[in-house]
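Visitor: Dropping the structure in here first, questions after.
The values are calculated or read from the model by the stated rules, or taken from the named source; none is laboratory data. Since the structure is predicted, the reported quantities are computational estimates derived from the model, not experimental observations. Positions of Cβ are backbone-derived with ideal geometry, glycine not excepted, and every protein chain shown enters the neighbour counts. The accessibility values were calculated without ligands, DNA or RNA, using every heavy atom of the protein model including side chains. Shrake-Rupley method; radii C 1.70, N 1.55, O 1.52, S 1.80 Å.
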Amino acid sequence: MTIDAADLKRMFDTIAVAIEADKDRLCQLDGVIGDADHGIAMALGFNAVRDALGSLDLAATEPTALLNTAAKSFLNAVGASSGPLYATAFMRGGAAVKGKATLADADFTALFQAMAQGIKDRGKAEPGEKTMVDAWQPAAEAVAAATVAGKTLAQCLEAALAAAERGAEATKDMIAAKGRSSRLGERSLGHIDPGAASAVTVIGAMRKGLASDL
């Protein structure tokens, strides 16, 4: 099976629905160690992406152009830190598959890993600092390992989701070293990082949105 622009649009639509449904929980998580708006920001971003992609001629749009449109619309909608992070992720993902009209399994896993690396680079964050990188990096590593093992894309994304869930849960035992929550010091212990939590929602929705093609 291959993935085209229409499939990617459906994936982004699924993410928007999932984030909207999870918005209140994400804001509650952010209320403990941040300023309680992470769910709102993420919903604004992905709803803007959904609207922007809805106006594209998908039959004439390559994946890279779609991802660049997603990046621009997310960044325009979200002024918070997650805006530049996800915009960079989408642009890096687009760059990883430049020139391709459709994506094979290996192309999409390269796209996924490029997204995770983009978030890490843009945020200048490392695992263990209680950020979304604590979910995205293990997810990307799981995708890489599953790809090397010859797994299907569905299996790769299942492994990514499981790794992201474990990574997000592990942020409970970390002291925040980045962003607003870092000012809390040890008081940030015991709480899941909202960015890592939303990363799990995004990765789960990516898997669900592509399910009919996997």
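Visitor: Taking the chain on its own, what percent of its Cα-Cα pair distances exceed 26 Å?
Guide: Looking at the chain, the distances longer than 26 Å represent 27 percent of pairs.
Visitor: With N set to the residue count of segment 1-77, report its C-alpha Rg divided by 2.2 N^0.38 Å to two decimal places.
Guide: Normalised by 2.2 N^0.38 Å, the Cα Rg of segment 1-77 equals 1.22.
Visitor: Kyte-Doolittle mean at least 0.0 and Cα extent at least 30 Å along the axis: which DSSP H helices of the chain qualify?
Guide: Helices passing the filter in the chain: 5-33.
Visitor: Is the shape of segment 102-166 best called rounded, prolate or oblate, per the rule: a/c under 1.5 gives rounded, else a/b larger than b/c gives prolate, else oblate, with a ≥ b ≥ c the square roots of the Cα gyration tensor eigenvalues?
Guide: The shape class here is oblate.
Visitor: Probe of 1.4 angstrom, ligands and nucleic acids ignored: what's the accessible area per residue over the chain, in square angstrom?
Guide: Result: 43 Å² of accessible area for each residue.
Visitor: Between Ala211 and Ile175, with labels modelled 7 Å along Cα→Cβ, what's the label distance in nm to one decimal, could you check?
Guide: 4.2 nm
Visitor: While we're on this one: Could you pull out every residue, at least 5 positions away or on a different chain, whose amide H is within less than 5 Å of the one on Leu103? Hs are placed 1.01 Å off N in the peptide plane, and Pro or chain starts have none.
Guide: Result for Leu103 returns Ile3, Asp4.
Visitor: Can you return the aspartates and glutamates within cross-link range of Lys23? Criterion is Cα-Cα under 13 Å, with same-chain partners fewer than 8 residues away left out.
Guide: Within the straight-line cut-off, Lys23 pairs with Asp37.
Visitor: Per-residue counts of other Cβ atoms within 10 Å, averaged by peptide: what ranking do you get for 89-100, 148-159, 67-78, highest first?
Guide: The packing order, highest mean first, is 67-78, 89-100, 148-159.
Visitor: Round to a whole number: what % of the accessible area of the chain belongs to carbon and sulfur, probe 1.4 Å?
Guide: Result for the chain: 52 percent of the exposed heavy-atom area is carbon or sulfur.
Visitor: Rank Ala71, Thr147, Thr201 by how far each Cα sits towards the positive end of the charge dipole of the chain (+1 on Lys, Arg Cβ; -1 on Asp, Glu Cβ) and give me just the farthest.
Guide: Checked the options; the winner is Ala71.
Visitor: Shifting gears a bit: Once both labels are modelled 7 Å past Cα along the beta-carbon direction, what's the Lys98-Glu20 spacing in nm?
Guide: Simple spin-label model gives 3.4 nm for this pair.
Visitor: Would you compute, from DSSP H runs of 4+ residues alone, the mean residue ellipticity of the chain at 222 nm, taking -39500 (n - 2.57) per run and dividing by the full residue count, rounded to the nearest 500?
Guide: -23000 deg cm²/dmol
Visitor: Now for a separate question. Let's test this: bin the Cα-Cα distances of segment 40-86 at 10 Å from zero up to the farthest pair and state each bin's percent.
Guide: Percent of pairs per bin, in order: 31, 51, 17, 1.
Visitor: Calculate the dipole size of segment 85-214 relative to its Cα centre from +1 charges on Lys and Arg beta carbons and -1 charges on Asp and Glu beta carbons; express the result in debye to the nearest 20.
Guide: 420 debye
Visitor: Then there is this: How big, in percent, is the set of alpha carbon pairs in segment 12-126 lying more than 22 Å apart?
Guide: Tail fraction, whole percent: 34.
Visitor: Separate question: When a/c is below 1.5 the answer is rounded, else prolate if a/b is larger than b/c, else oblate, so apply that to segment 66-181 with a ≥ b ≥ c taken from the square roots of the Cα gyration tensor eigenvalues.
Guide: Verdict is oblate for segment 66-181.
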